[in-house]
Structures are given as C-alpha cells and as structure tokens.
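Asks: Just passing along the structure, written as structure tokens.
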Amino acid sequence: MKIAILTDIHGNELALKAVLKEIDAHGDIEEIWCLGDMIAMGPDTNEVLDLLFPRPNIRMITGNHDEAILSLITGEGHPETYKHTREHHEWVAKQLSTENEAKLRRLPRIIEKEINETRTIGIHYHIELNKRDAHIKDEPFHSILEPTLNNMEKMFAHYPADIICFGHHHPEHLLRNEHQIYVNPGALGVSKGSTAPYAIIDFAKPKQPAIQIHHAPYDKKAFLQRFETLQVPQREIMFKLFYVGD
C-alpha cells in the first residue's frame, strides 16, 4: 500500500492541482492524507476544498488556520497570537462556502492507521494529550521547534506510532531514530520556490516503509497574480514572508 502526504496547501489551487496530477499519474496511491491548513494565506479557499472533499480516497484533518477561520465565523474568538493575520482570516471566512464550512467542521485533528505492521499517525503538529480537545482560541498546537531529531523526539516520542506525519512548520522534515520516523513533506502551497512538495510512503515491506519527498512544478507567477486580482488583504506582508525573495 502507498499513501500520499499533503500538508499546508494554504489556499494555493495551482500547486494543489499540480500535486494531485502527479499523484493520479502514479496509479497506485491508495490514500491521500491531507494534514491541515488547507485554507488561508493564499487566495483560493473554495477552489482548494472543492478539489479535496470529493476525492473518495482522501483523509483530512484540520490545522490551526482552518480552525481559526471557523472560530471567527461562529463568533467564538480568535487566537491572541494570530492577531497579525486577523484581517486576512476575516476575508477568507467571507469567501468560505456554507457547504465547505460544514465539511471542515466535521474533520478530526488526528488520523491513526496501522498499515502492514507499521503504526502511522497524521496530525497537523504536536498537541499535548490534555489539549487534544481544546478550542483553537486556547492555542492547543505546540510552538514550532527547529527540525532536529532531538526536538522531534521531545514532541512525538510518546505517540503510539512508528511514523508520525505532520505539517505546520513549512520546511521539509525527514528524521528517524531506531523507533520512529518523523515526516513533514513541507508546505505544499507556501514557499519561495516554484514547486509544491508532497510525500509518498510505500508500505510494501512490513515494518520497513519507504519514504520519498517529491516536488511538483507549478505556475507560481499565475498564483501570485491572483492575490492582486482578488485584492487579498495583507498580501504584501505574505509575499515578503512566504512567497518572494531569499
């Protein structure tokens, strides 16, 4: 069995289409795991969700941006440390269709599955056990740590899994020790390059998963133009921080 791991699409329809095209071309990917932050920071809210939700072989969870926007819609508050993104989140909340909002609300925060004797977990980022049900305004997701083996062990060593797949921190992670493998393919929709990363895990051999991170090229210029066409709030800040330059 093979599964594809996607994370942090962040409203980038063109990058997602490029990745899905490559996944479909493989012909033997049985499941796609999408590990949160499907929306926000990019202009394509419903476009991204309309590509994902209809797929019969997809499993999805929420990320911090998804949850923050849902909380705004229902008037339940907005995380204090996210105040710099509030204007943009409010804009995304207005774009989100009622149908997609309802589907997002039904998503869990974690995926667990044993595949060919390999216990596998998908989560957006580490959440302490006592915060697994905490509201996003209480900021349950762990603060981001540098992608070192020691830091991954600090967060995930107690997880009952052989592979922990996650996102949230946008750079790629592929780290392992004798007991666990930590996989973050990198942010599919947010980078200063012109490719969209994703991972494929091949579980053909019991307890010996093979993991590869792939990069799908896409039209980055056309993607950035959509920010201007739609007058996406706070786009200049996002360009500087996430999409353009060194």
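The values are calculated or read from the model by the stated rules, or taken from the named source; none is laboratory data. Predicted model only: the values in this text are computed from it and were never measured. Counting neighbours? That spans all protein chains shown, and the Cβs are built from the backbone with ideal geometry, glycine included. Ligands, DNA and RNA are stripped out before the accessible areas are found, and what is left, the full protein with its side chains, is counted by its heavy atoms. Shrake-Rupley method; radii C 1.70, N 1.55, O 1.52, S 1.80 Å.
Asks: Which value, in debye to the nearest 20, gives the size of the charge dipole of the stretch 25-71 about its Cα centre, when Lys and Arg are +1 and Asp and Glu are -1 at the Cβ?
Replies: With only Lys, Arg, Asp and Glu charged at Cβ, the dipole is about 60 debye.
Asks: Mind computing the radius of gyration and Dmax over the alpha-carbon atoms of the chain? Å is fine for both.
Replies: Answer for the chain, Rg first and Dmax second: 17.1, 50 Å.
Asks: Of the listed peptides 139-152, 2-15, what is their order by residue-averaged count of other C-beta atoms within 10 Å, with the highest listed first?
Replies: 2-15, 139-152
Asks: Enumerate the aspartates and glutamates that K21 could reach by cross-link, defined here as Cα to Cα under 19 Å, with residues fewer than 8 away along the same chain left out.
Replies: Straight-line reach from K21, under 19 Å: D8, E13, E30, E31, D44, E47, D50, D202, D219.
Asks: To continue, here is another question. Cβ neighbours within 10 Å, averaged per peptide: list 122-131, 61-70 in order, most packed at the top.
Replies: Highest-to-lowest ranking by the protection proxy: 61-70, 122-131.
Asks: Hey, got the dipole for the chain? About the Cα centre, +1 on K and R Cβ, -1 on D and E Cβ, debye to the nearest 20?
Replies: 80
Asks: With every protein chain left in place, what is the accessible area per residue of the stretch 105-246 in square angstrom, probe 1.4 Å?
Replies: I get 51 Å² per residue for this part.
Asks: Follow-up question, since we're still on this one. With +1 assigned to the C-beta of every Lys and Arg and -1 to the C-beta of every Asp and Glu, and no other charges, what is the dipole magnitude of the stretch 15-93 about the Cα centre in debye, to the nearest 20?
Replies: Once rounded to the nearest 20, the dipole reads 80 debye.
Asks: D28 to N150: FRET efficiency via 1/(1 + (r/R0)^6), r the Cβ-Cβ distance, R0 41 Å, to the nearest 0.05?
Replies: The pair D28/N150 has a calculated efficiency of 0.70.
Asks: Tell me the mean residue ellipticity at 222 nm calculated for the chain from its helices only (DSSP H runs of n ≥ 4, each -39500 (n - 2.57), averaged over every residue, nearest 500).
Replies: Dividing the helical sum by the residues of the chain leaves -8500 deg cm²/dmol.
Asks: How much area per residue is accessible in the stretch 1-70 when the probe is 1.4 Å and only protein heavy atoms are counted (Å²)?
Replies: With the other protein chains kept in place, the stretch 1-70 gives 28 Å² per residue.
Asks: If you plug each phi of the stretch 208-220 into the Karplus form 6.51 cos²θ - 1.76 cosθ + 1.60 with θ = phi - 60°, what whole-Hz ³J(HN,Hα) values come out, in order, with x for Gly and Pro?
Replies: Once rounded to whole Hz, the list reads 9, x, 9, 10, 10, 9, 10, 10, 9, x, 8, 7, 5.
Asks: Ignoring ligands, DNA and RNA, what percent of the accessible area of the chain is carbon or sulfur (1.4 Å)?
Replies: That fraction is 50 percent.
Asks: Another question, if that's okay. What order do you get for 23-34, 193-204, 84-95 when each peptide is scored by the mean count of other beta carbon atoms within 10 Å, highest first?
Replies: 193-204, 84-95, 23-34
Asks: Tell me, how many Å apart are the Cα centres for the stretch 210-246 and for the stretch 142-166?
Replies: Cα centroid of the stretch 210-246 versus Cα centroid of the stretch 142-166: 27 Å apart.
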